[in-house]
Amino acid sequence: MASLPIPDATVAKAVKDAVADLMRVSAWGDFAYVNLPVFMPSGAPATVRVRATPDGFEIDDGGYAYRELESVGAERSFPKEAAKAAGEEELETDRRRIFVKIPRGELTRAICDVGLASRNVAANVYSRIADEDVSEIEDYLRDRLSEVFAGSRIESNERLKGASTKGWEMSAVVHHPSGLLVFQAVATQANSVNRASTAFHDLAELPNPPTRVAVVKDKGALGPNLNILSQAGRVIQSDQPNADYLQAAA
């Protein structure tokens, strides 16, 4: 029977260092704080707090999911979304927290359950906000593109295959005499930016790639994500003049 090779000491140390960076533990007052290798929509790690109780431990998310939603004006969504997430994992909620009280011996599972529930609450609400923003831009685009590209066939939500053969549903595709022009509505949320960027890069690898234009409400609101999006295609604001649409599609 063949034996498994022993990992090189350098590799073992590198892995240990990487794992240490993925999960961090710190203490403050009565609480131990655990940063998990699961990330909130803002990019911050999901964090839970742990403190001792007479019968075991209380673990909560420190109100971090609530504050993520508060930062985008969606804190009113917290109670309903938190109750749903908590019910799936037998957790509890109050006005701003997701928490659970457990006996000793169940700490590992409880830390994971609270951390994931916290992340899922924020991610689910952010996803809905992004979908609403994209839908609003798409509704605007239908009329605007008909005006800018009068005479060309315009298809809403047409699916195009990229070089990977994966199909990507685009907000609008203009069948122009110069070739295909793809317009994709993009919200400020990272998942919307990442999806558009991935789709554009995949389409760019085609033998005869379409012209790719991301349409956003406000370039300034994208922050660093504007650079990510600009690497994959052209970016314009929805309210820019017709000439800018034509220039972006040229």
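The values are calculated or read from the model by the stated rules, or taken from the named source; none is laboratory data. The shown structure was predicted, so the numbers you read here are calculated from the model rather than taken from an experiment. Reconstructed Cβ throughout: ideal geometry from the backbone, glycine too, with neighbour counts over all protein chains shown. For the accessible areas, the whole protein counts, side chains as well, though only heavy atoms, and no ligand, DNA or RNA atoms are used. Shrake-Rupley method; radii C 1.70, N 1.55, O 1.52, S 1.80 Å.
Scan region 37-52 for residues that are part of a strand (DSSP E or B) and either among the aliphatic types (A, V, I, L, M) or surrounded by 19 or more Cβ atoms within 10 Å (Cβ to Cβ) (or both) and the total you get is 7. Counted as qualifying within region 60-178 are the strands (runs of 3 or more DSSP E) with 2 or more residues that are of a type outside the set (F, W, Y), open to solvent by 60 Å² or more (accessible area, probe 1.4 Å) and touching a strand residue (DSSP E or B) at 6+ places or on another chain (Cβ under 6 Å), namely 98-103, 153-156, 159-161. Residue-level check: of (1) over 28 Å from the mean Cα position of the chain (by Cα); (2) open to solvent by 50 Å² or more (accessible area, probe 1.4 Å); (3) under 22 Å from T108 (Cβ atoms); (4) not charged (D, E, K, R), A20 misses just (1).
Among the residues of region 219-228, none qualifies, meaning not one is more than 19 Å from A130 (Cα to Cα), touching a strand residue (DSSP E or B) at 6+ places or on another chain (Cβ under 9 Å) and either surrounded by 12 or more Cβ atoms within 10 Å (Cβ to Cβ) or among the basic types (K, R) (or both). I want to confirm something. Restricting to region 12-36 and keeping residues that are part of a helix (DSSP H, G or I) and charged (D, E, K, R), which single residue is nearest to C112 (Cα to Cα)? Checked region 12-36; the qualifying residue nearest to C112 (Cα to Cα) is D21. Of the set (1) at pLDDT 95 or above; (2) part of a loop (DSSP other than H, G, I, E, B); (3) among the polar types (S, T, N, Q), all apply to Q184 but (2).
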